[in-house]
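I have placed the structure first, in the form of C-alpha cells, so that the comments after it can refer back to it.
The values are calculated or read from the model by the stated rules, or taken from the named source; none is laboratory data. Since this is a predicted model, take the numbers as computed values, not measurements. Reconstructed Cβ throughout: ideal geometry from the backbone, glycine too, with neighbour counts over all protein chains shown.
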Amino acid sequence: MKKRVSLYFAASCVTLLLFACKPSMLDPFEYVQWIEDAGNGLKKSKEIDKIEFIVQFKTTDYILLKENSINPLSEKEKFENEKKELGDLQYFTLKIKTPEGTDPLKFCLSGQDEYFARVKYYSFEIQNDLSLVDGSDTIQCVLSHFERNYGIAPEITCLVGFPPKDKKSPSIEDKSLIYYDRVFNNGNLVFAFSKKDISQTPKLKS
C-alpha cells in the first residue's frame, strides 16, 4: 500500500512539474508583471561602478499593454490592429540608472559640451552601438527612440528594435543584446536571453 501511494505521489509531482513548465494564460495586469519579473529571465541587469544597465525583452503584447494602455479584453480589434502596426521587429528597452538620483546625462560631467554630446548620442547615435546575436546571426539595431525625462528621473530609457533573424525560419533562438557603452567607457556589455525563457512566455488572455 505504501509503495502504491509513493508511486502515485511521484507521478503527481512529475505531472505538476510538467504543467508548471508550460506557458499559461494571464490577464493583462498579470502579464505585464510576469514580463517585468527578473526571475522569469526576460529582464537582465548589470551594475558597473554604481551605474546600472537594465535590458527588458519586450513582446508586442507587452508594449501595447504597457505603453499604449490598450485593453485586449474590451478593445480586441484595436489591439490586434495596433499589434500589426508594430510589425515583426524584436523589441527591447535599455535603461541606464545612476546612483543618488542623479540624471545620467549629468553624471560625472566634464562640462556643458559633454552634456549636449550625451543628448545627441542617445537621441541619434546609440543604435550604432547596439547589436543582437540571434542564434548564430548578428543583427544590427534598426530602431532607437530616446525617451527624454528632462531630469525628473535618475535614469534614461531607450526603446530599441532589431529585425527578425529570418522570416522563413521563425523559430526562437538564444539571444544576446550587445551594447557598446562609450559614454561611461565600459566597452561591450552583453545581456543574454535564453531560448527556454523566451519560449515559456505566457499567452495573453483576450
(1) within 30 Å of Ser24 (Cα to Cα); (2) surrounded by 13 or more Cβ atoms within 10 Å (Cβ to Cβ); (3) out of contact with any strand residue (DSSP E or B) (no Cβ under 8 Å at 6 or more places or on another chain) all hold for Arg118 apart from (1)
Does the stretch 97-120 contain at least one residue that is modelled with pLDDT of 95 or more and in contact with a helix residue (DSSP H, G or I) (Cβ under 9 Å, 6 or more places away or on another chain)?
-> no
Tell me, which residue of the stretch 31-64 that is of a type in the set (A, V, I, L, M, F, W, C) and more than 11 Å from the chain's Cα centre (by Cα) is surrounded by the most Cβ atoms within 10 Å (Cβ to Cβ)?
-> Leu64
All-but-one check, Glu85 against (1) within 14 Å of the chain's Cα centre (by Cα); (2) over 23 Å from Tyr122 (Cα atoms), failing number (1)
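Here is a yes/no grid of residues against (1) touching a residue at least 24 places away in the same chain (Cβ under 8 Å); (2) touching a Gly at 6+ places or on another chain (Cβ under 8 Å); (3) among the hydroxyl-bearing types (Ser, Thr, Tyr); (4) farther than 29 Å from Asn185 by Cα:
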position	(1), (2), (3), (4)
Asn40	yes, no, no, yes
Lys46	yes, no, no, no
Glu52	yes, no, no, no
Thr60	yes, no, yes, yes
Leu64	no, no, no, yes
Glu67	no, no, no, yes
Glu77	no, no, no, yes
Glu80	no, no, no, yes
Quick one: would you say Glu173 is touching a residue at least 24 places away in the same chain (Cβ under 8 Å) and more than 21 Å from the chain's Cα centre (by Cα)?
-> no
Return the residue satisfying two criteria in turn: it lies in the stretch 84-115 and is of a type in the set (A, V, I, L, M) and farther than 30 Å from Ile198 by Cα, and of such residues it is surrounded by the fewest Cβ atoms within 10 Å (Cβ to Cβ).
-> Leu109
